[in-house]
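The values are calculated or read from the model by the stated rules, or taken from the named source; none is laboratory data. Note that this is a predicted model, so its numbers are computed, not measured. No Cβ is skipped: glycine too gets one built from the backbone with ideal geometry, and neighbour counts run over all protein chains shown.
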Amino acid sequence: MDASSVDATTVVAIAREIAHRPPAVIVAVGGGSVLDAGKIAALAAARGRLLDYTLGHASSAALTFVPDAPPPVDIVAVPTTLGTSSETNSVGILKNEHGHRLIVGRALTPRHAVLDPCALATLAPLAVGEGVMEAFLRLAGASTSPRRSIRQHTDAVALGRALLESATRDTSSAAGRLRLARLSAATQRTAALRGPDPYSARHWYAANEVASHLEVRKMVATATVIAAVWRRICAGDVRWGDRDSLELFWRSVACGMAAPLDPPSGIATLIERWGIPRAPRPTASEIDRIAEAMERAWGDRHPMLPGLVADDFGDLLRDSDWSPRPVGGDRRPSMNLRGGETNEHEG
């Protein structure tokens with residue numbers, strides 16, 4: 001099964017296997033999309049048609065909260081990519097006919113995460129860089145909230161510095177990749193993301209729609225929009241985040257990185273230095289369509305991007321850092337299902 005095609009239909013197929021042969025443990029081996037599919041499909045083992053509710057709600061809403069319940073079956077997550085933290089979080093991304101939908105709930109949390117450097121050995125250098133950037137921006141996004149405790153700030157800065165330093169020092173050895181995997185997982189295990197604003201990483205919502213509509217990798221879309229989002233924060237637009245909080249975080253982690261202390265310029269420098277590609281520039285009509293989708297899914301009266309409407313998103317997209325060259329296809333691993341276990345192979 002090609003992991004690039006994992007969607008709601010795939011989740012339903014896995015769920016049928018789980019319902020037909022209820023497992024004591026589910027072992028999910030793969031990248032973020034594979035782990036997410038396994039986590040969501042595992043809801044089939046719960047009482048009360050929890051999976052049906054989740055899939056039904058996600059067909060009409062961009063964000064679905066799973067009714068609070070413990071995981072219905074133990075999941076052992078073995079990531080073969082870096083940065084998603086799906087192996088330690090309570091979130092899953094579901095691809096359906098409306099795009100990429102966000103599913104959140106305690107029931108999705110894996111029981112165990114197995115971080116094996118052998119599972120990361122075949123990652124290309126670009127995939128490693130994108131994974132580190134994803135984990136780093138998770139911390140940076142949370143750090144754009146003005147309502148941060150000292151503990152939250154301290155943990156975010158410590159992990160952010162460690163990620164950047166480790167990515168600069170060693171990304172190819174088994175030990176180096178294991179350290180990066182542990183740091184990515186730790187973003188979910190410390191106080192760094194436990195602020196009072198669960199939607200503070202607002203760049204994610206914009207990047208999600210760009211990735212969905214243009215069919216590019218998530219981090220390609222993120223690399224395209226992040227500097228434009230940060231320019232708005234640093235210009236004082238509080239709808240995107242708090243300038244003082246972002247500037248404090250960036251100054252605290254960027255020292256010694258030979259990067260500009262201005263956050264938008266600094267993050268753009270790192271993206272360029274690490275060779276992370278950006279999405280090809282869409283047409284004017286495509287920008288309008290993506291902007292309207294952003295408002296419909298996340299903006300206006302929604303709590304994720306409140307007060308932001310299609311005109312705001314259109315301005316953001318026109319100001320984003322698009323590539324003049326087309327971006328290649330999204331090559332993802334494939335997976336095979338055998339009795340509730342997933343085995344992934346790089347493809």
Those residues of the stretch 1-21 which are in a helix (DSSP H, G or I) and either touching a strand residue (DSSP E or B) at 6+ places or on another chain (Cβ under 6 Å) or among the aromatic types (Phe, Trp, Tyr) (or both), in sequence order: ALA3, ALA8
Enumeration of residues in the stretch 37-66 that are of a type in the set (D, E, K, R) and either in contact (Cβ under 8 Å) with a residue 60 or more places away in the chain or not assigned by TED's automatic domain parsing to the domain that holds LYS95 (or both): LYS39
Per-region count, the stretch 114-138, residues under 17 Å from the mean Cα position of the chain (by Cα) and over 20 Å from ARG169 (Cα atoms): 1
Near pairs, Cβ below 8 angstrom, 6+ apart or cross-chain, from the stretch 198-216 (of a type in the set (Lys, Arg)) to any residue that is modelled with pLDDT of 95 or more: ARG202/GLY141; ARG202/THR144; ARG202/VAL229; ARG202/TRP240; ARG202/GLY241; ARG202/MET304; ARG202/LEU305
Residue list for the stretch 86-116, filter: in a loop (DSSP other than H, G, I, E, B) and either within 22 Å of ASP7 (Cα to Cα) or of a type in the set (Asp, Glu) (or both): SER86, GLU87, THR88, ASN89, SER90, GLU97, HIS98, GLY105, THR109, PRO110, ASP116
Criterion (farther than 25 Å from PHE249 by Cβ and of a type in the set (S, T, N, Q)) met by exactly one of SER143, SER166, SER172: SER172
Count of the stretch 180-208 residues which are in contact with a strand residue (DSSP E or B) (Cβ under 7 Å, 6 or more places away or on another chain) and under 19 Å from LEU305 (Cβ atoms): 3
In the stretch 198-224, the residues that are touching a Lys or Arg at 6+ places or on another chain (Cβ under 6 Å) and closer than 20 Å to ALA297 by Cα: ALA211, THR224
Any pair with Cβ under 6 angstrom, 6 or more apart, that starts in the stretch 1-17 at a residue that is on the phi < 0 side of the Ramachandran plot and ends at one that is assigned to a helix (DSSP H, G or I) and among the β-branched types (Val, Ile, Thr): ALA3/VAL34; VAL11/ILE40
Of residues in the stretch 67-85 being of a type outside the set (Val, Ile, Thr) and assigned to a strand (DSSP E or B), the one surrounded by the fewest Cβ atoms within 10 Å (Cβ to Cβ): ASP74
Listing of helices (runs of 4 or more DSSP H) fully contained in the stretch 212-318 that carry 1 or more residues being on the phi > 0 side of the Ramachandran plot and exposed (fewer than 15 other Cβ atoms within 10 Å of the Cβ): none
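Table: residues versus (1) hydroxyl-bearing (Ser, Thr, Tyr); (2) modelled with pLDDT under 95; (3) under 29 Å from LEU123 (Cβ atoms).
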residue: SER265; (1), (2), (3): yes, no, yes
residue: ILE287; (1), (2), (3): no, no, no
residue: GLU292; (1), (2), (3): no, no, no
residue: ALA310; (1), (2), (3): no, no, no
residue: PRO324; (1), (2), (3): no, yes, yes
